[in-house]
Amino acid sequence: MSLKNDKFPSSAAFDAINSALTGSDADRKDAIKQGNAVFAFVLKNAAGETAEWHIDLKNKGEVGKGLGEKPTVTLSLSDADFASLVAGKANAQRLFMSGKLKVKGDVMKATKLDPILKKAQTKAKL
């Protein structure tokens, strides 16, 4: 099942994150240990449409569509900014400070997402 949505080009990163998590049991367990949260993403594309995905690093260690079960933290940003973030071209703190990244829930958990995104950088071709 692909997590990619053609209206959201950066959504291909969720497939890359999922394959990084499901590629090896050790990697998945390590990510769950590091993250220990459900990260929800609300992306907005250039047409103003929104779509949602989640990365469950609390129970299953997988990525899915929708907000997931009781997200610990919800990150809202544009599709383009998410692409830059996953590609390592944007800094999450700068996006947050400039108002381009909105965080709901446990802000400190959001900082745990960086190593997981770095794993996807090596696999995603955005």
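The values are calculated or read from the model by the stated rules, or taken from the named source; none is laboratory data. All figures in this text were calculated on a predicted structure; none of them were measured in a lab. Using ideal geometry, Cβ is built from the backbone for each residue, glycine included, and neighbour counts are taken over all protein chains shown. Protein only, heavy atoms only, side chains kept; ligands, DNA and RNA dropped before computing areas. Shrake-Rupley method; radii C 1.70, N 1.55, O 1.52, S 1.80 Å.
I need the full set of residues from segment 41-67 which are in contact (Cβ under 8 Å) with a residue 60 or more places away in the chain and closer than 18 Å to Leu101 by Cβ, in order please. Quick ask: steps written out before the conclusion?
Of segment 41-67, the ones in contact (Cβ under 8 Å) with a residue 60 or more places away in the chain are 55, 63-65.
The one that is in contact (Cβ under 8 Å) with a residue 60 or more places away in the chain and closer than 18 Å to Leu101 by Cβ: Ile55.
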For Ile116, work out the one condition from (1) closer than 17 Å to Leu3 by Cβ; (2) among the β-branched types (Val, Ile, Thr); (3) at pLDDT 90 or above it doesn't fulfil. (3)
Subset of segment 3-25 (residues that are surrounded by fewer than 17 Cβ atoms within 10 Å (Cβ to Cβ) and under 11 Å from the mean Cα position of the chain (by Cα)): none
For segment 29-45, which positions are modelled with pLDDT of 95 or more and open to solvent by 40 Å² or more (accessible area, probe 1.4 Å)? Lys44
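What are the residues in segment 30-49 that are closer than 11 Å to Glu62 by Cα and not β-branched (Val, Ile, Thr), if any?
Of everything in segment 30-49, those that are closer than 11 Å to Glu62 by Cα and not β-branched (Val, Ile, Thr) turn out to be Ala31, Phe39.
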When you go through Lys33, Lys44, Lys60 one by one, which is the residue that is under 14 Å from Ser11 (Cβ atoms) and of a type outside the set (A, V, I, L, M, F, W, C)? Lys44
Looking at Ser76, is it of a type in the set (Ser, Thr, Tyr) and within 14 Å of Val103 (Cβ to Cβ)? yes
Filter result (surrounded by fewer than 20 Cβ atoms within 10 Å (Cβ to Cβ), of a type in the set (Ser, Thr, Tyr) and touching a residue at least 12 places away in the same chain (Cβ under 8 Å)) within segment 73-91: Ser76, Ser78
Here are Glu52, Glu69: which of them is buried (at least 16 other Cβ atoms within 10 Å of the Cβ) and not in a helix (DSSP H, G or I)? Glu52
Does segment 5-20 contain any residue that is more than 17 Å from Lys112 (Cβ to Cβ), modelled with pLDDT of 90 or more, in a loop (DSSP other than H, G, I, E, B) and out of contact with any helix residue (DSSP H, G or I) (no Cβ under 8 Å at 6 or more places or on another chain)? yes
